[in-house]
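To start, the structure itself, in structure tokens.
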Amino acid sequence: MANIILLAVCLLAGIGLRKTGRFPANTPVALNGFIIHISLPALAILHIHNLKLDGSLVLTAAMAWLLFGLAWPIFHFSGRLLKLPPATVGALILVGGLGNTSFVGLPMIEAYYGKEFLGIGIIADQLGSFMVLSTLGILVATVYSSGDASPRLMLRKIMLFPPFQALLLALLLRPLPFPAWTITILEKLGATLTPLALVSVGFQLQFGGLRDVIKPLSAGLGYKLLLGPALIYLLYVVLLGSSGDITRVTIFEAAMAPMITAGIIAIDHELDPPLVGMLVGIGIPLSFISLYFWHLVLASTS
């Protein structure tokens, strides 16, 4: 319960700091920079080191690829039927097809399932969401805009991303035991993720212009929060017969709100910025409600 309250307090703190002007407008840049360069790498090294690798984690890594792969044709063809402009379709695919599996996902996993499952969330984020964003996501942004992205640039982005580097380092260090002081340092650095991430999210929330984007907004959030994770549940649990904590946490990650970083890339490529702002700004607080019900559904999964 304390972790849920902490999420709400930090989110409201971020909103309040923006509205009162107590922090500069570029505050999220500094907070996100610390999270990307310090908090997430520390968690990757700490939790991947002791994570028990098995076949279930293949499904964890595949989850984001499947969600995005389904979102692309769904929004492409529905966009044609609704006569949506390419920029709007691109925004829906990019932002509606990728979940916030790190900044929101990891704190929510900690709140609902405990710190011991953060390693699963990191796998879903690093081998899933981030890899999809850096490859297919860049491709979508290019196809639906006038941007440009080469394979060399995409590979460079992946290899220079600090959490991805930490993930590789963690895998290399798995055979070696960590001394107690190293674990303490990594735990304390990783503990900064939850408050900083939610303050950053709250600081960036925007709610203006809702009426102009209500139809594509409903479609994007409907897929990201409901239809998408339901399809993953159908595939993993019903068709493949997968079960257990890894499967539950993986589907829980599939139900996360739209990815902030995907929104930034969409805006950089001029893919309907007002819609992107609404998908992120409304999707995150709304996901706090939908995730509670997804947790109830998954708790009944054997």
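Structure summary
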item: Verdict on SER129 being closer than 18 Å to PRO258 by Cα, of a type in the set (S, T, N, Q) and at pLDDT below 85; result: no
item: Verdict on LEU189 being over 18 Å from SER102 (Cα atoms) and either in a helix (DSSP H, G or I) or not hydrophobic (A, V, I, L, M, F, W, C) (or both); result: no
item: Residue list for segment 249-262, filter: modelled with pLDDT of 85 or more, touching a Leu at 6+ places or on another chain (Cβ under 8 Å) and either part of a helix (DSSP H, G or I) or surrounded by fewer than 23 Cβ atoms within 10 Å (Cβ to Cβ) (or both); result: THR250, ILE251, PHE252, ALA254, ALA262
item: Qualifying residue in segment 210-219 (condition: within 20 Å of PHE293 (Cα to Cα) and in contact (Cβ under 8 Å) with a residue 24 or more places away in the chain); result: yes
item: Flag if GLY114 is at positive phi and over 16 Å from the mean Cα position of the chain (by Cα); result: yes
item: Every pair of residues 6+ apart whose Cβ atoms lie under 7 Å, when the first sits in segment 190-207 and is touching a residue at least 12 places away in the same chain (Cβ under 8 Å) while the second is among the hydroxyl-bearing types (Ser, Thr, Tyr) and part of a helix (DSSP H, G or I); result: GLY190/SER39; THR192/SER39; LEU193/SER39; LEU196/SER39; PHE203/THR27
item: Output for segment 269-293, where each listed residue is in contact with a Ser or Thr (Cβ under 9 Å, 6 or more places away or on another chain) and part of a helix (DSSP H, G or I); result: LEU275
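The values are calculated or read from the model by the stated rules, or taken from the named source; none is laboratory data. Quick caveat: nothing in here was measured; it's all calculated off a predicted structure. No Cβ is skipped: glycine too gets one built from the backbone with ideal geometry, and neighbour counts run over all protein chains shown.
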